[in-house]
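Okay, structure first, notes after.
Each reported figure results from applying straightforward, stated rules to the coordinates on display, with no laboratory input. Predicted, not measured: the structure shown is a model, and the values here were computed from it. Virtual Cβ from ideal backbone geometry, glycine too; neighbours counted across all protein chains shown.
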Amino acid sequence: MSGLVGRNLLAGAEPGVAADAGYPDAPPRMGFFTDTSVCIGCKACEVACKEWNAVPEDGLEFTGMSYDNTQGLGADTWRHVAFIEQDKPVGDADSGVRWLMASDVCKHCTHAACLDVCPTGSLFRTEFGTVVVQEDICNGCGYCVPACPYGVIDQRKEDGRVWKCTLCYDRIGDGLEPACAKACPTDSIQFGPLDELRERAAARVDQLHDIGVEDARLYGHDPEDGVGGDGAFFLLLDEPEVYGLPPDPVVTTRDLPSMWKHAGVAAAALAGGIAALFTVHGRPGGGR
């Protein structure tokens, strides 16, 4: 795998995220736009992701809670389609049930906390602006797991290493679209240059508003949000919490620079105090 120099920079501007990571001639930033309004819950994306990336089965357990038995993202589920049943009428009906389907995935954040805390460089930024795990050098420390504001990264119990969506780094490097987008029969999952996807998504929201779908909104598209915008963003038909998404995600390492600065000042003050003590009283046991 190439791109080992890619690291996260909290101050980096969104359009130059790959350049900030050490790629001076980077291609356009690539990403996902997932339009949940046309998702039919077929889970073809889950299957395609597993087949292409050789992701092992995730238990095949019947939960009895929903038609969705994978339940959430994890080390063995890199794409997850949620089934959300609501006691809410559709259209002009007085009563009824509404189903919301949504295919979730790693957000490939602009300000990715997982990159900041990884001590081995296993997590790196690619030339496409995506975030990838190199499992062969992951030491299983698990620091990235709580660092992710979306709860995406997960460890496998067998060896402790972390796994997540790579946005099919091997495929896009060869000019192919990711397996999940390729398999999606309704184009709910769309892949391409991030700037183009944002324009397309904004137009889609306007289209839905025009036909009366007033709850349609974008999630993760804004470069001014708490993670600098996501490389994988969504069109939702309800509040983010309904889909299990945090309403206002913030990069968890946001305050690290100021914390290190304050720690340095405190350490310098402590060292100065000790030096002053020795000056006044001399070394212990040595007199003045």
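Structure data summary
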| item | result |
| --- | --- |
| Förster radius 41 Å - calculated FRET efficiency between residue 69 and residue 199, Cβ distance, rounded to 0.05 | 0.70 |
| Segment residue 42-residue 88, length gained on full extension (0.36 nm per residue, minus Cα span) | 14.4 nm |
| For the range 119-232: relative contact order, % (alpha-carbon pairs under 8 angstrom, 6 or more apart) | 14 percent |
| Relative contact order, percent, the range 206-248 [alpha-carbon distance under 8 Å, six or more residues apart] | 33 percent |
